[in-house]
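Asker: Got a structure for you, questions after.
Quick note: the coordinates plus some simple rules give every number you see, no bench work behind them. The structure presented is a predicted model; accordingly, all values stated were derived computationally and were not measured. FYI the Cβ positions are ideal-geometry reconstructions off the backbone, even for glycines, and counts take in every protein chain you see.
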Amino acid sequence: MTIVRFAPSPTGYLHVGGARTALFNWLYARNTGGKFILRIEDTDAKRSTQTATQAILDGLTWLGLDWDDGPYFQSERMSIYQKYAQKLIDENKAYYCTCSVDELDEQKKQAVSIGRAAGYDGRCRDTGAKQGVLRFKTPDGNTVFYDLFRDKFEFENSLIGDFVLVRSDGTPTYNFTCAVDDALMGMTHVIRGDDHIPNTPKQLMIFAALGFNPPKFGHLPLILGTDKSPLSKRHGAVSVMAYQEQGFLPEAMVNYLALLGWSTSDSQQLFSREEMIEKFSLKRITKNPAVFDMEKLQWMNGVYIKQAKPEELASLCKKLQKEETEGTEETKNIQLEEIIKLYQGRIKVLPELYSLADFFFSSEIHIPEEICQEILFKDGVQETLTETKNVLSALEMFDPVTIEEAIRTLAERLGIKAGDIIHPLRAVLTGKKVSPGIFEVCALLGQERVVQRLNATIER
RNA sequence: GUCCCCAUUGACUAGGGGUUAGGUCACCACCCUUUCAAGGUGGCGGCGGGGGUUCAAAUCCCCCUGGGGACGCCA
């Protein structure tokens, strides 16, 4: 059985890159019927926070990436790491080092100045010290592995140096805990960002020293911003949850993220979750870094919005809207769904609804001067509007078909184009030049409000 | 400085010795139409450069260039 994991450190929110890594692991586990484990790497007490842990859990949950096991917290597994550290000491595969930070800096500076690798040179190997940091006794030779997505990697061990396993305060470091846990938890594949490539030989050496069988490693390329530098705040939101707040649907986010580095042979773009799981394959992961493209995410979100059930969108909108909308509880609840039906083919993100359809949510509307000049103050328009009001207020049914019929009949009677009625009517009812079909808008607004808005304009 | 990774249109990518280099977003045009979207049709645009190997190179090899990563008692 394949066992994979997502192992974030809780030092911030779940960012886009981390989410993609989690997604690929999750997809692989689901595709193979394996197990997806969540492990929180919080060995650095100074930087880890409870808030960050929660944020990561929330992010994964929002995306629908459920884990089969965990979350494990490395901070709760200290005795395990201690045990293995002792084992390495006993077997003479690790030793204590008492070099000071200054000394280390100096040594590094020197090494670099003479063109040598910057790793620790192992000068404390034979001092027999009983305290300080515990360092791994990096063996001679090379460490080789075959990456799942790339070719062969070969590292010269001497360039890596004797790295730290346990800090002087007794807490273990990343490379050590990661290797121990990946071994103990039975990981078959480790899929992670390619910023971890330099760590892999270290972990491989730990596996070997401890007598564990290593998993297969695959390193995912980074996700870049539009200027091709690594994705950061400069490029907009990097936190996954920020996308939720901006009105993106988790399905769209997942679909988009999946395409950042993975593809099918026919370049299919839209996948249901099931389809994605079924078609996912490590063999089809690309090794070049991808630029995160907001435009495409927006397009995709628009597609998902269009396909979504109005009631689901309504409940998402209600969660998002906070205090930005006016209007009565009644309009919100009763009409929201109907409004959504009118707009779901037109918006890319949920909050757009509130700017485009604001005239549904407030009783008073404001018609910008520009629209008055351009549309309402033209010759004959006032008369047309009066006629329109008379026709509409007399209707007994107020559904789109009836309204359309009435308007078209009126246009014929007045000897003008239907558009000559529709455009002023739209301006009066919505305060905008663009809206969904005007007959639907009328019907949903209701006869009373339509007549009221017409009157308000005519009287001016 | 040392080690390492990457390179197909503006973006995501397919293709991996012989293709009119395919799809998607974006962009442009047209159709539809009460506007805007949506939808439909069509279009613009690409193998970073130089050397090899080969009858044949986007594809294999080398160099260059460009971009990125790592060199922590961070993960």
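Asker: For chain A, which cysteines have no second Cys with its Cβ under 4.7 Å from theirs?
Answerer: A:99, A:178, A:317, A:372, A:442 - these cysteines have no disulfide-compatible partner (Cβ-Cβ under 4.7 Å) in chain A.
Asker: For the residues A:146, A:354, what sequence is obtained by ranking on other C-beta atoms within 10 Å, fewest first?
Answerer: A:146, A:354
Asker: Counting other Cβ atoms within 10 Å, keep those with at most 15, restrict to DSSP loop, and tell me which chymotrypsin sites (Phe, Trp or Tyr not before Pro) in the stretch A:365-460 are left.
Answerer: For chymotrypsin sites (Phe, Trp or Tyr not before Pro) across the stretch A:365-460 that sit outside H, G, I, E and B with at most 15 neighbouring Cβ atoms in 10 Å, the list reads A:377.
Asker: Would you mind checking A:348/A:417; A:309/A:348; A:83/A:137; A:296/A:433; A:228/A:348; A:233/A:296 for any pair whose Cα atoms are more than 23 angstrom apart?
Answerer: In this structure, A:348/A:417; A:296/A:433; A:228/A:348 exceed 23 Å between Cα atoms.
Asker: Something else: Which trypsin sites (Lys or Arg not before Pro) in the stretch A:30-112 sit in a loop by DSSP (not H, G, I, E or B) and have at most 11 other Cβ atoms within 10 Å of their own Cβ?
Answerer: Taking the stretch A:30-112 and a limit of 11 other Cβ atoms within 10 Å, the loop trypsin sites (Lys or Arg not before Pro) found are A:46.
Asker: Going by average Cβ density within 10 Å per residue, which order do the peptides A:241-253, A:445-457, A:116-128 take, highest to lowest?
Answerer: A:241-253, A:445-457, A:116-128
Asker: Could you pull out the GluC sites (Glu not before Pro) across the stretch A:356-399 that fall in loop regions by DSSP (anything but H, G, I, E, B) with no more than 16 other Cβ atoms inside 10 Å?
Answerer: Working: sites: A:364, A:369, A:370, A:374, A:383, A:387, A:396; in loops: A:364, A:396.
The qualifying sites are A:364, A:396.
Asker: Then there is this: List the relative contact order of chain A as a percent without decimals, with contacts defined as Cα pairs under 8 Å and 6+ residues apart.
Answerer: 12 percent
Asker: At a 10 Å Cβ-Cβ cut-off, how would you order A:190, A:112, fewest neighbours first?
Answerer: Fewest-to-most Cβ neighbours within 10 Å comes out as A:112, A:190.
Asker: Follow-up question, since we're still on this one. For residue A:133, which sequence-distant residues (separation of 5 or more, or a different chain) have an amide H within less than 5 Å of its own amide H, given hydrogens modelled in the peptide plane?
Answerer: For residue A:133, the qualifying residues are A:97.
Asker: Calculate, for residue A:272 and residue A:401, the FRET efficiency according to 1/(1 + (r/R0)^6) with r their C-beta to C-beta distance and R0 30 Å; round to the nearest 0.05.
Answerer: Efficiency, rounded to the nearest 0.05: 0.30.
Asker: While we're here: Between the stretch A:135-163 and the stretch A:207-275, what is the C-alpha centre distance in whole Å?
Answerer: 27 Å
Asker: Short version: what are the Cα gyration tensor semi-axes of the stretch A:162-213, square root of 5 times each eigenvalue, largest first, in whole Å?
Answerer: In descending order, the three semi-axes are 18, 14, 11 Å.
Asker: Taking residue A:306 as the anchor, which aspartates and glutamates have their alpha carbon closer than 18 Å to its alpha carbon, excluding any fewer than eight residues away along the same chain?
Answerer: Cross-link targets: A:251, A:295, A:337, A:338, A:352, A:440.
Asker: To continue, here is another question. Where a Cα-Cα gap under 17 Å defines reach, which aspartates and glutamates qualify for residue A:152, not counting those fewer than 8 residues away within the same chain?
Answerer: Straight-line reach from residue A:152, under 17 Å: A:194, A:195.
Asker: If you find the alpha carbon centre of the stretch A:1-43 and of the stretch A:402-460, how far apart are they in angstrom?
Answerer: 54 Å
Asker: Could you put A:266, A:44 in order, starting from the residue whose Cβ has the fewest other Cβ atoms within 10 Å?
Answerer: Starting with the residue having the fewest Cβ neighbours, the order is A:266, A:44.
Asker: What percent do you get for the relative contact order of the stretch A:369-458 when only Cα pairs under 8 Å and 6+ apart count?
Answerer: 37 percent
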